[in-house]
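Data first, discussion second: the structure below is written as structure tokens.
The values are calculated or read from the model by the stated rules, or taken from the named source; none is laboratory data. It should be emphasised that the depicted structure is a prediction, and the values quoted were computed from it without experimental measurement. Cβ placement follows ideal geometry from the backbone for every residue including glycine, while neighbour counts extend to all protein chains displayed.
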Amino acid sequence: MIMEAFDISISRDNEIFHFKVINQGRDCCEFEVFRDDRLVCTFEPNEDEYIRICRNQGGLDEEVVYLIADKIEQHHL
């Protein structure tokens, strides 16, 4: 698999957040999410191919995490 990078934006409470998502292209298909070049969270697909959070290194709000997961699923699945 080849590493893939794409940008996503989400809005919440009239604020827009921009992230860069990197699919590492490994067998376990891990998605690393960056904001301003800082790793903020990591996702992976579960057995049903839905995205689930692995680590929330940036301490993002739960709603923001769900919105990011939705965008990754829209792009990837």
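Scanning segment 61-77 for residues that are closer than 14 Å to residue 45 by Cβ and either of a type in the set (Ser, Thr, Tyr) or surrounded by fewer than 17 Cβ atoms within 10 Å (Cβ to Cβ) (or both) turns up 70, 73, 74, 75, 76, 77.
Of all residues in segment 18-38, those satisfying the criterion of being surrounded by fewer than 14 Cβ atoms within 10 Å (Cβ to Cβ) and modelled with pLDDT of 90 or more are 18, 36, 37, 38. Scanning segment 40-54 for residues that are surrounded by 14 or more Cβ atoms within 10 Å (Cβ to Cβ) and either out of contact with any helix residue (DSSP H, G or I) (no Cβ under 8 Å at 6 or more places or on another chain) or farther than 17 Å from residue 8 by Cα (or both), we see that the one that is modelled with the highest pLDDT is 40. Taking the stated definitions as given, is residue 24 over 9 Å from the mean Cα position of the chain (by Cα) and within 15 Å of residue 5 (Cβ to Cβ)? Against the criterion (over 9 Å from the mean Cα position of the chain (by Cα) and within 15 Å of residue 5 (Cβ to Cβ)), residue 24 qualifies.
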